[in-house]
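Everything on this sheet refers to the single structure shown next.
The values are calculated or read from the model by the stated rules, or taken from the named source; none is laboratory data. If you're wondering where the values come from, they're calculated on a predicted model, not measured in any experiment. Neighbour counts are summed over all protein chains in view; Cβ atoms, including those assigned to glycine, are modelled from backbone coordinates with ideal geometry.
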Amino acid sequence: MTMANALKIISALLSYPGPDLIAAGPDLHKALAADTMTGPAEKTALGALIDDICTRDIYEAQERYVLLFDRTRALSLHLFEHVHGESRDRGQAMVDLATMYDAQGFEIDASELPDYLPLFLEYLSTQSSAEVKNLLGQTAHIIAAIAKRLAKRDSIYRNGFEAILAIADITPDAEAVADILKIPEDNPNDLTALDKIWHEEVVTFGADSTAAACGPERLRTRIRAANRPAPDDAPIQPSTPGDH
């Protein structure tokens with residue numbers, strides 16, 4: 001077995017808990033037991049998360065998920081939300097990521113945003129160990145920031161994010177994590193404030209974009225530099241190798 005098992009398991013656990021996920025507990029435990037890329041600590045943590053989700057009442061599980069990830073922008077599972085926000089750079093970053101998926105023959109539904117973490121993890125499960133560590137390393141500061149926010153809420157979902165960091169086997173850049181954590185956390189019960197926060201321009205990406213301007217290298221540069229967004233009319237400059 002390879003790293004793909006663990007990434008697929010975490011991808012499933014971070015997805016909306018529908019009936020299929022709730023019923024998949026035994027299968028997820030079997031896959032986790034067979035995985036050779038996670039250590040005892042990660043297996044224990046992920047096993048606890050499997051049990052917590054798959055033995056919970058489905059409506060309770062869904063309500064908790066929505067409050068955490070859909071109505072709390074600071075915990076958004078869309079990676080670029082944490083580094084690009086509403087800037088126009090987010091749309092181009094989406095194009096870059098979608099282009100990378102397409103180049104590897106990884107098809108996504110037209111309604112899915114490429115930076116959705118469970119989708120990103122599913123893609124990584126199809127890649128080599130070197131590429132997995134490379135791309136997880138570029139997003140480690142985002143993963144770490146979300147993990148810290150979940151730990152602050154004493155949410156067991158932090159187990160999934162901590163397992164991702166263990167697989168990445170990299171220490172996230174502390175300054176980059178701190179920059180993300182500076183963004184104020186929103187109250188999921190304040191619907192008026194949430195409506196105002198989420199009212200933003202539609203992110204567009206797709207085939208009209210110039211393919212030659214996209215690809216893995218550009219994506220990696222944008223992820224590395226995104227925690228220091230440039231002015232709208234200024235070019236994005238890559239950070240130094242030690243930034244993330």
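Before we move on, is residue 150 touching a residue at least 60 places away in the same chain (Cβ under 8 Å) and surrounded by 18 or more Cβ atoms within 10 Å (Cβ to Cβ)?
On the way: touching a residue at least 60 places away in the same chain (Cβ under 8 Å): yes; surrounded by 18 or more Cβ atoms within 10 Å (Cβ to Cβ): yes.
So residue 150 fits the description; yes.
Restricting the stretch 87-109 to residues that are more than 18 Å from residue 77 (Cα to Cα) and small (Gly, Ala, Ser), which is surrounded by the fewest Cβ atoms within 10 Å (Cβ to Cβ)? Out of the qualifying residues, it is 105.
Test residue 43 against the criterion of being part of a helix (DSSP H, G or I), exposed (fewer than 13 other Cβ atoms within 10 Å of the Cβ) and at negative phi, and give yes or no. Step through it out loud before you land on a result.
On the way: part of a helix (DSSP H, G or I): yes; exposed (fewer than 13 other Cβ atoms within 10 Å of the Cβ): no; at negative phi: yes.
Criteria not met by residue 43.
Let's see how each residue does on (1) under 16 Å from the mean Cα position of the chain (by Cα); (2) buried (at least 22 other Cβ atoms within 10 Å of the Cβ):
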{"residue": "122", "(1), (2)": "yes, no"}
{"residue": "128", "(1), (2)": "no, no"}
{"residue": "134", "(1), (2)": "yes, no"}
{"residue": "139", "(1), (2)": "yes, yes"}
{"residue": "144", "(1), (2)": "yes, yes"}
{"residue": "160", "(1), (2)": "yes, yes"}
{"residue": "165", "(1), (2)": "yes, no"}
{"residue": "179", "(1), (2)": "no, no"}
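Kindly establish whether residue 81 is under 25 Å from residue 166 (Cα atoms), modelled with pLDDT under 90 and not aliphatic (A, V, I, L, M).
So residue 81 passes the test.
Only one of the numbered conditions (1) at pLDDT below 95; (2) not in a helix (DSSP H, G or I); (3) not hydrophobic (A, V, I, L, M, F, W, C) is violated by residue 56, and that is (1). Every condition in (1) part of a helix (DSSP H, G or I); (2) of a type in the set (Asp, Glu); (3) modelled with pLDDT under 95; (4) over 20 Å from residue 123 (Cα atoms) holds for residue 96 except the one numbered (4).
With of a type in the set (Val, Ile, Thr), farther than 26 Å from residue 53 by Cβ and part of a loop (DSSP other than H, G, I, E, B) as the only criterion, which of 183, 156 stands out? Even if it seems obvious, please write down each step before you answer.
Details: 156 fails: farther than 26 Å from residue 53 by Cβ.
Testing whether each residue is of a type in the set (Val, Ile, Thr), farther than 26 Å from residue 53 by Cβ and part of a loop (DSSP other than H, G, I, E, B) leaves just 183.
When the stretch 102-128 is filtered for residues that are modelled with pLDDT under 90 and part of a helix (DSSP H, G or I), the ones remaining, listed by number, are 102, 103. Looking at the stretch 26-44, which of its residues are in contact with a Ser or Thr (Cβ under 9 Å, 6 or more places away or on another chain) and modelled with pLDDT of 95 or more? 32 - this is the single residue of the stretch 26-44 that is in contact with a Ser or Thr (Cβ under 9 Å, 6 or more places away or on another chain) and modelled with pLDDT of 95 or more. For a quick check of your reading of the model, give me the residue pairs whose first member lies in the stretch 53-66 and is loosely packed, with under 14 Cβ neighbours inside 10 Å, whose second is at pLDDT 95 or above, with beta-carbon atoms closer than 7 Å and at least 6 apart or on different chains. Pairs found: 55/25.
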